[in-house]
Structure formats: structure tokens, C-alpha cells
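Heads up, the thing below is written out as C-alpha cells.
The values are calculated or read from the model by the stated rules, or taken from the named source; none is laboratory data. Just so it is clear, the structure is predicted and the values come from calculations on it, not from any experiment. No Cβ is skipped: glycine too gets one built from the backbone with ideal geometry, and neighbour counts run over all protein chains shown. What goes into the accessible areas is simple: the full protein's heavy atoms, side chains included, and nothing from ligands, DNA or RNA. Shrake-Rupley method; radii C 1.70, N 1.55, O 1.52, S 1.80 Å.
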There are 2 protein chains.
Amino acid sequence: MSTVLFSDVGQIVTCESADERSVRARHALAAEDGCIAAIGPPEELVARYPRAERVRCAGGVITPGFVDSHTHAVFGCWRAGEYALRARGVPYMEIARQGGGINASVRDLRARSEDELVQLTRARLREMLRQGITTAEVKSGYGLRTEDELKSLRVVKRLNEEGPLELVPTFMGAHEFPAETRGRRSDYVHLVIQEMIPAVAEAKLAVFCDVFLEPGVFTAVEARRILEAGLARGLLPKLHADELEPSGGAELAVALGAVSADHLGRISDAGIHALAHSQTVATLLPATLFFLGHKQYAPGRRLLDAGATVALATDFNPGSAPSPNMALVLTLACSHMGFDPLEALLAATAGGARALRIEDGRGALRPGAPADLIVWGVSDYREIPYRYGVNMIRGVWKRGVRVV
Amino acid sequence: MSTVLFSDVGQIVTCESADERSVRARHALAAEDGCIAAIGPPEELVARYPRAERVRCAGGVITPGFVDSHTHAVFGCWRAGEYALRARGVPYMEIARQGGGINASVRDLRARSEDELVQLTRARLREMLRQGITTAEVKSGYGLRTEDELKSLRVVKRLNEEGPLELVPTFMGAHEFPAETRGRRSDYVHLVIQEMIPAVAEAKLAVFCDVFLEPGVFTAVEARRILEAGLARGLLPKLHADELEPSGGAELAVALGAVSADHLGRISDAGIHALAHSQTVATLLPATLFFLGHKQYAPGRRLLDAGATVALATDFNPGSAPSPNMALVLTLACSHMGFDPLEALLAATAGGARALRIEDGRGALRPGAPADLIVWGVSDYREIPYRYGVNMIRGVWKRGVRVV
């Protein structure tokens with residue numbers, strides 16, 4: 001039995017609720033066999049766990065590890081050249097015509113072996129851990145061929161087994177239409193439904209099925225068919241919705257009972273209302289809109305006020321969000337979306353867990369929950385979004401074991 | 001004689017010009033006695049410096065160290081609580097009425113000893129170095145009393161002498177009107193001109209004199225009087241101009257022959273024209289507008305196209321820009337202001353040196369210049385703004401000595 005006692009803590013933010021009850025000043029935390037055993041006054045815990053390994057936090061802050069509920073972390077190379085073109089004002093469609101954009105990642109991923117992708121992704125997961133992410137969803141969607149979608153999901157499976165970052169796999173064959181099926185949309189939708197989904201389900205390689213619903217990509221009719229086919233094979237629906245144009249994505253997600261509707265940069269009033277009265281989590285990805293140079297973010301404040309369950313995630317991917325920095329996502333939420341720091345922290349932990357249907361307690365700190373936590377070198381949790389752009393993490397623990 | 005040879009370099013970005021001639025692929029760099037001795041083909045340099053200490057860069061990128069030409073790095077405590085209020089929509093004026101805002105930093109700095117401020121600032125300069133900043137301007141302006149302005153500038157002097165980060169001091173007694181002179185503006189302007197400037201000049205504690213010209217703070221008439229008084233005592237003028245409202249700041253800076261006009265979020269067309277036809281550097285501070293939640297940044301592209309000399313800087317301060325992350329400033333410039341990555345890099349190095357009238361070669365990599373440089377763990381310089389929010393610096397050298 002291994003016990004760790006975190007002492008000299010300035011604040012423990014439990015993320016059990018979006019009010020000050022979540023913030024425990026000068027408490028200690030004990031973890032036993034990978035789970036949280038107790039949170040309480042230091043003298044009590046020291047007496048109760050006299051032989052525990054001690055982690056002295058020098059007045060720092062403890063929060064749950066981040067639960068990043070939306071990433072595309074399995075990919076080949078970066079696309080920095082494309083960023084330079086975009087900065088010079090070359091439109092995305094022109095970049096795509098020149099062979100860039102998502103299809104560049106598709107060609108690249110298809111050309112790489114599973115082992116190569118494991119190696120590339122492993123380094124990125126290390127960086128995600130250093131940014132405090134202890135659980136992450138990872139989507140396929142740069143394969144767009146049955147064998148390459150399965151390859152991507154096997155990469156996720158292997159890296160999840162390897163640990164320490166826990167991964168939740170999502171099948172997203174409907175991320176884009178591959179170059180070779182242009183003009184034959186229905187053939188590709190058919191392939192996704194008839195071949196990919198059964199193969200993914202058969203191999204138990206995904207928990208969720210996701211579709212990129214956006215004008216010019218998949219339509220609402222296609223999205224519904226694909227997600228229903230996924231659900232029939234046990235894959236829970238998620239939906240890329242209303243990122244750049246309002247297209248009824250949030251409403252469709254609710255109608256389908258989707259676990260989450262993601263992006264929502266241009267969600268309609270009806271979409272906000274629908275989400276607020278549903279179990280579908282509103283997953284906001286402001287780092288993407290930031291990087292793409294947009295001025296308008298998702299209406300985070302309105303979603304919170306309407307009563308929606310909100311998650312914040314990185315959308316980590318090589319095209320539109322090449323950063324796994326979740327703390328910076330909190331800054332975006334506070335500076336540009338009307339969150340206060342506690343609401344933002346909650347959305348990136350407990351909210352992320354909701355968006356992944358994780359029910360073992362991850363995303364909050366309470367007795368019985370996995371001891372996934374971050375020790376921050378700050379004296380107040382509000383410094384986490386405030387002192388942005390500098391990694392103030394002093395250590396990360398995954399199920400009670402120090403991993404950073 | 002100590003010689004360091006940087007080999008296995010993917011790219012050296014010299015920042016001599018904003019075109020591809022600045023980017024040398026697969027070259028090596030030799031530094032001798034703190035200065036750059038040569039940049040050229042690796043086999044040539046290896047033959048020329050056979051006994052040099054070798055730094056193998058694993059295919060990484062070398063750039064000049066950042067020259068951060070606008071910071072307020074001498075301050076007491078952080079103001080994260082105020083950020084949380086602002087995120088909830090409390091206006092700045094209300095926060096100021098509650099005792100927050102810049103006057104909170106003034107009260108705090110006045111209450112601290114010089115030694116205490118040295119210690120607090122030293123830790124922040126370490127973080128600036130870790131972010132690749134090898135030269136930084138630092139302003140006073142949280143004292144707003146002669147003794148406290150002098151104290152702040154002595155902190156800068158001591159830390160500059162201590163090194164390794166080189167600091168350039170700016171006197172900014174005209175940062176705000178202190179609480180005790182409210183309603184007696186002319187008394188405070190008189191104090192700045194008659195007492196502070198002579199004392200600062202006498203003690204040789206500053207190179208520049210800066211004024212916060214903005215509606216509600218100092219007027220153009222006051223700014224002109226203060227900057228002219230400074231100039232008469234040898235302090236070169238800088239001007240906080242047009243951050244939140246167009247107020248003729250850029251034009252005034254040019255009329256006064258100021259070294260730089262800083263912020264420029266709302267510069268007028270006439271201001272752009274004036275700067276483009278002057279020696280005054282346009283210093284842009286997008287991290288501030290980002291953090292404050294503004295949607296509109298300074299017209300960087302138009303300033304570049306008009307022919308202005310542009311610098312990018314962090315504005316590092318506890319109120320509106322609590323981040324010394326210069327790479328993230330480059331991301332803001334590329335994603336939101338129409339810079340390409342090379343232009344952004346140039347503005348944060350050579351541009352910063354111009355904004356500080358540094359003429360010893362810092363800000364670019366060429367034989368004879370100080371060997372202030374960053375080794376990045378990226379294979380292409382365009383990844384520096386692209387992979388934002390993650391510190392990809394593998395090492396920092398200051399005058400030929402490794403400091404990070």
C-alpha cells in the first residue's frame with residue numbers, strides 16, 4: 001500500500017462545484033493506492049498517515065489533472081509552412097488546392113507505419129502531461145480509409161495501454177471527404193457506415209463516433225445517418241457543430257442525444273436553448289478560433305448562464321490548434337468568453353469528464369476519486385489563467401504516481 | 001579565449017532582413033569571447049575552430065535572443081484577484097475604486113524595500129530568460145513619488161549589473177497620477193518635471209523617459225512638457241500612444257522625435273503615415289489587448305506595408321500583460337495582425353533593438369555582434385509562433401555563455 005501526503009498546500013481546488021466551496025485553503029491531501037483517501041486539515045492527515053511519502057507543496061495550489069475531451073493528437077508532421085501562408089492572407093481553400101490543409105495530414109498519416117505514429121504521438125502525449133492533462137480524448141480522422149482509421153485507433157489503444165496518460169478513443173472517419181472520393185460523397189458515407197463503423201466496433205477501438213458537421217463538409221442528413229449507425233454498434237455520438245457557421249449542429253446533437261456538441265463558435269439562440277435543456281455537454285475550443293485569427297468566440301457566458309454543462313478542451317491538432325496548453329485555454333475563456341477562473345477550471349476538469357462520460361471520479365478531487373492531480377507553483381488558483389503563457393506546473397500525479 | 005561552435009543546426013535565422021536571406025539552412029555558428037565570430041558551412045567552421053566547445057543542436061533552429069523593448073518588470077505582487085473580477089465583467093474604473101488597478105501596484109511597491117523588489121524582480125527576469133529574452137527595457141512607474149521612482153530604477157540598475165539579462169531603464173513617473181494628487185494634476189506634472197527628472201538624470205538611472213498618453217491619464221500638452229523636460233536632461237523620449245483611443249499619440253511621438261510610439265491599438269491613418277515617414281519605431285504590444293479581451297489589435301500589417309519600423313514587445317506587467325512569453329506575442333502577430341513568422345521574429349529581435357537604440361549588433365546574428373542567441377527544439381523557425389503556448393527553447397546563450 002503506497003500513500004502520498006501532499007502538505008504545505010496553499011489551496012486545493014476540488015472542482016466539485018463552481019463556487020468557493022471548491023476552494024479549500026491550507027488543507028492537505030492524502031492519496032492511497034492511486035486514489036484520493038482524504039482532504040482535510042494537515043495536522044489530522046499527518047496523524048492519520050504517519051508513514052506516508054510527503055510531497056511538500058511550498059504554498060502552491062493543487063487542482064485535478066485536466067481532462068482534455070477533444071484532441072486529434074495522432075498525426076504525422078506539423079504544418080507550420082501552411083501557417084505562414086495563412087498569416088500572409090492565403091485563404092484555406094487555396095492552401096488546400098496547393099495540397100495543404102487536412103488532406104496534407106491525411107496523405108502524411110497514410111504513408112506512416114503504426115509504429116512511427118506511436119513514436120510521434122508518444123512525444124506529444126508527454127507534452128500534454130507536462131501541460132497537466134492526465135486524461136485525453138483522441139480522434140481518428142486523418143486516415144479516411146478503413147485501414148488507416150483502424151491504424152490511428154490502434155495507435156491510441158497502444159499508447160493508452162502504455163500510459164500514464166489515459167486516452168479515450170473516438171472514431172471520426174467523417175472528419176472530411178478524402179481527396180479520392182471528391183464528387184462521390186455518398187460512396188464515402190456508405191464506406192463509413194458499412195465498413196468503417198463495423199470494423200471499429202468489432203475491434204472495440206472506439207468509445208465515441210464523431211462527425212464534422214459544417215457547410216462544405218458533412219451535412220446534417222449525413223451526420224445523422226453516420227451517428228445513428230455508430231450508435232447501433234455501441235459508439236456514442238459526438239458532433240462537431242456550428243464552428244464557423246450556425247448550421248443547426250447543437251440542435252441536432254441534442255436531438256440525437258449526443259454526449260457533446262463541440263466548437264459552437266456560431267451556435268444559434270435555439271442551439272443554446274436546446275443544449276441548456278439537455279444532457280449534451282457544450283464543448284468549447286477557443287484555442288482554435290484564437291489561432292485561426294477569429295474575433296468571435298463561442299458564447300460561453302450565455303451557455304453557462306442558460307445552465308448548459310460546459311467543457312473546455314484544446315482541440316490539439318496540426319492544422320488549427322497546434323497547442324496542448326490547457327491553461328491558455330482557461331485564459332481565453334476568462335479574457336474572451338466571460339468565464340471566471342473557477343468556472344474555467346471546472347470546465348477543463350469536471351466538465352471534460354462529463355464530455356467523456358467518465359464516471360470514476362476523474363475531473364474532481366474527492367475521496368475515492370483517482371489521484372490525478374497537478375501541483376502548481378502559484379499561491380492562488382486564479383493565477384493559473386492570469387499568468388498565461390508560462391508553465392507554472394511543479395508536478396503532475398497520475399493515479400497517485402508522479403509522472404511530471 | 002573561449003570559443004563555442006554550434007553545429008547540427010537546421011536553420012540559423014539571422015534577422016538581418018525580413019526575407020529568406022535571413023534564413024541559413026544547415027549552417028554552423030561560432031562564438032568567440034562573447035561575440036559571433038562566423039556563420040557558415042559546418043565543415044569550414046569545424047576546420048577553423050578545432051578546439052571550440054561544441055554545442056550540437058540536433059537539427060534545431062538558432063535565432064537571436066529576443067530584445068523586449070517594453071516591460072514593467074519591477075513590481076511587487078501579482079493582481080490575479082482583479083483578473084477574476086474583470087472576467088466577471090466588473091469595469092476597470094470600479095476595480096480602481098475598490099482599490100485595485102495600477103494604484104494597487106503603486107501602494108504595494110511603495111511599501112517594499114529595494115532589496116525585496118530586487119529579489120521579486122530577479123525571479124521574473126529568470127523567467128524572461130527562459131522565454132528567450134536576453135535584453136529587456138524596464139520602466140519605473142509604480143512609484144509615482146520621487147523616492148519610489150528612484151528606488152525602482154535602482155532595482156533595474158542592480159539587476160542589470162548582476163546580469164545575465166541586460167536591462168535598459170526607462171523613467172516613467174508619468175505612468176498615472178498617484179491617488180494623493182487627484183484633482184491637482186498640474187502639481188504632479190510639476191513634480192515629475194522639477195524633481196523626478198533632474199534626480200533620475202543626475203543619478204544616471206534612465207536612458208529613456210516615457211509618458212502614458214491616453215484619455216483620462218496624461219494629455220498631449222502634459223506629455224510634451226514632460227518629454228521635452230526629459231530630453232533637456234538627456235533622457236530620450238518614448239510615448240504610450242493610441243492604445244485604447246486614437247488621440248494623436250503617434251503623431252506627437254513623431255513630432256517630438258521620440259524613439260518609439262508604443263501600443264497603437266487605435267492609431268489613426270495620419271498616425272500610420274507619420275510613423276512610416278519617421279525614425280520613430282512603432283512598438284506593438286498585442287499580448288495586452290489579448291489579455292484585456294479586446295477584439296481589435298494594432299494595424300501591424302498596414303504599419304509594415306507603409307514602411308514603418310516595427311517592434312513587438314511583451315508589455316510584461318501585473319495589470320494588463322502578466323506574461324513574459326515573447327513567442328506567444330509572435331503568434332498574436334501572425335494570427336491576428338497579418339505578420340508572417342519571419343517579420344514577427346524580426347520585430348521581436350532587430351526591431352526591439354531599434355526601439356532601444358541599441359547599436360552594438362544585438363537583435364541580429366552577424367560577425368561582431370554579441371552572441372545572444374536561442375537554440376530552439378524545432379526543425380523550422382515557422383514552428384516558433386505556430387506551436388504556441390509550449391516553451392520549445394532548448395538553450396539560451398548570453399554573450400556566448402549558456403544561461404538557460
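Between B:A25 and A:Q98, take the C-beta separation as r, use R0 = 25 Å, and let me know the FRET efficiency to the nearest 0.05. All intermediate terms of the calculation are to be shown ahead of the outcome.
Numbers: r = 22 Å, r/R0 = 0.87.
In this case the efficiency is close to 0.70.
What pairs from A:K157/A:K398; B:K238/B:K398; B:K238/B:K295; A:K238/A:K295; A:K295/B:K238; A:K139/A:K238 go past 20 Å between their alpha carbons?
B:K238/B:K398; B:K238/B:K295; A:K238/A:K295; A:K295/B:K238
Once you have a ≥ b ≥ c as the square roots of the Cα gyration tensor eigenvalues for the range B:1-95, tell me rounded if a/c is under 1.5, and otherwise prolate or oblate according to whether a/b is larger than b/c.
prolate
What is the helix-to-structure angle for A:326-336, meaning the angle in degrees between its Cα long axis and the longest Cα principal axis of chain A, kept from 0 to 90 and rounded to the nearest 10?
Tilt of helix A:326-336: around 80 degrees.
Just to be sure I understand: if you take the accessible area of chain B alone plus chain A alone and subtract the pair, with a 1.4 Å probe, what total do you get in Å², rounded to 100?
Working: alone 15940 and 15950 Å², together 28140 Å².
That pair hides around 3700 Å² of surface in total.
With a/c under 1.5 counting as rounded, go ahead and sort the range B:66-355 into rounded, prolate or oblate using the C-alpha gyration tensor (a ≥ b ≥ c being the square roots of the eigenvalues; past the cut-off, prolate if a/b is larger than b/c, else oblate).
Numbers: a/c = 1.26, a/b = 1.18, b/c = 1.07.
Rounded, because the longest to shortest axis ratio a/c is under 1.5.
With θ taken as phi - 60° and the coefficients 6.51, -1.76 and 1.60, list the Karplus ³J(HN,Hα) couplings across the range A:220-235 in order, rounded to whole Hz; mark glycine and proline as x.
Karplus-based 3J(HN,Hα) across the range A:220-235 equals 4, 5, 5, 4, 4, 4, 5, 5, 5, 5, x, 4, 4, 9, x, 8 Hz.
Taking 0.36 nm per residue of separation and subtracting the Cα-Cα distance, what length does fully extending B:A255 through B:R185 add? The partial results should precede the final answer.
Values: separation 70, 0.36 × 70 = 25.20 nm, distance 2.39 nm.
Full extension of this stretch gives 22.8 nm more.
Write down the percent of antiparallel bridges among all DSSP beta bridges whose residues are both part of the range A:66-355, to the nearest 5. Present the calculation step by step, with values, prior to reporting the outcome.
Numbers: 1 of 28 bridges.
The antiparallel fraction comes to roughly 5 percent.
Who wins for biggest fluctuation among B:V118, B:V46, B:V138 in a Gaussian network model of chain B, springs between alpha carbons below 10 Å?
Answer for the Gaussian network model of chain B: B:V46.
On a 0 to 90° scale, report how tilted helix A:114-130 is relative to the longest principal axis of chain A, with both axes built from alpha carbons and the result rounded to the nearest 10.
Taking Cα atoms only, the helix is inclined about 40 degrees.
Quick check: from the Cα gyration tensor, does the protein assembly as shown come out rounded (a/c under 1.5), prolate or oblate? Don't jump to the answer; show the numbers that get you there.
Values: a/c = 1.63, a/b = 1.43, b/c = 1.14.
The shape class here is prolate.
Pairing the Cα long axis of helix A:102-111 with the longest principal axis of chain A, what angle in degrees results, from 0 to 90 and rounded to the nearest 10?
Helix A:102-111 sits roughly 90 degrees off the main axis of chain A.
Of all trypsin sites (Lys or Arg not before Pro) in the range B:298-404, which ones are in loop regions per DSSP and have a Cβ with at most 15 other Cβ atoms within 10 Å? It would help to have the intermediate numbers written out before the result.
On the way: sites: B:R301, B:R302, B:R354, B:R357, B:R362, B:R382, B:R387, B:R394, B:K398, B:R399, B:R402; in loops: B:R357, B:R362, B:R382, B:R387, B:R399.
Filter output for the range B:298-404: B:R357.
Using a Gaussian network for chain A with springs between C-alpha atoms less than 10 Å apart, which of these wobbles most: A:L165, A:L239, A:L304?
Fluctuation is largest for A:L304.
Spelling out what I want: for every residue of the range A:394-404, take phi, set θ = phi - 60°, compute 6.51 cos²θ - 1.76 cosθ + 1.60 (Karplus), and round to whole Hz; glycine and proline get x.
Values, residue by residue: 9, x, 10, 10, 10, 6, x, 10, 6, 10, 9 Hz.
For a paramagnetic label modelled at 7 Å from the Cα of A:A47 toward its Cβ, which residues of the range A:1-24 fall within the zone defined by backbone nitrogen distances under 15 Å?
Within reach of a label on A:A47, which here means backbone N under 15 Å from a point 7 Å along Cα→Cβ, the range A:1-24 contributes nothing.
Per DSSP helix of 4 or more residues, -39500 (n - 2.57); summed, then divided by the residues of chain A. What does that give at 222 nm, rounded to the nearest 500?
Details: 17 runs with 147 residues, N = 404.
Roughly -10000 deg cm²/dmol at 222 nm, from the helical runs in chain A.
For B:H277, what accessible surface area do you get with a 1.4 Å probe? Give it in Å², rounded to 10.
130
Provide the per residue accessible area, probe 1.4 Å, for chain B, rounded to a whole number of square angstrom.
Working: 14070 Å² over 404 residues.
Value for chain B: 35 Å² per residue.
I want to verify a result. In a Gaussian network model of chain A, Cα cutoff 10 Å, which of these has the top mean-square fluctuation: A:A18, A:A311, A:A174?
A:A18
May I ask you to list the trypsin sites (Lys or Arg not before Pro) in the range B:28-114 that are in a DSSP loop and have at most 14 other Cβ atoms within 10 Å of their Cβ?
Details: sites: B:R48, B:R51, B:R54, B:R56, B:R79, B:R86, B:R88, B:R97, B:R107, B:R110, B:R112; in loops: B:R51, B:R79, B:R88, B:R112.
Within the range B:28-114, the qualifying trypsin sites (Lys or Arg not before Pro) (loop, at most 14 other Cβ atoms within 10 Å) are B:R51, B:R88.
Kindly work out what percent of the DSSP beta bridges joining two residues of the protein assembly as shown are antiparallel, to the nearest 5. Write down the numbers at each step before the final one.
On the way: 48 of 114 bridges.
Here the share of antiparallel DSSP bridges comes out near 40 percent.
Carbon and sulfur atoms: what percent of the 1.4 Å accessible area of the range B:119-225 do they account for?
On the way: 2130 of 4090 Å².
Looking at the range B:119-225 in its full context, I get 52 percent from C and S.
Between B:E228 and B:A123, what is 0.36 nm times their sequence separation minus the Cα-Cα distance? Round to one decimal in nm.
Details: separation 105, 0.36 × 105 = 37.80 nm, distance 3.49 nm.
Difference between extended and current length: 34.3 nm.
Which FRET efficiency value, to the nearest 0.05, is calculated for A:Q194 and A:K295 with the Förster distance at 56 angstrom and r the Cβ-Cβ distance? Before the final figure, lay out the partial values.
Values: r = 42 Å, r/R0 = 0.75.
That gives a FRET efficiency of 0.85.
Run the simple label-point estimate for A:A270 and A:D360 please: 7 Å along Cα→C-beta, distance reported in nm.
Distance between label points: 4.1 nm.
For B:S379, what is the net charge nearby, where nearby means another residue's Cβ is under 13 Å from its Cβ and Lys, Arg count +1, Asp, Glu -1?
Details: positive: A:R79, B:R26, B:R382, B:R387, B:R394; negative: B:D8, B:D380, B:E383.
With Lys, Arg at +1 and Asp, Glu at -1, the neighbours total +2.
List every residue whose amide H lies under 5 Å from the amide H of A:R54, counting only residues 5 or more places away in sequence or on a different chain, with H placed 1.01 Å from N in the peptide plane.
Here A:L5 satisfy the definition.
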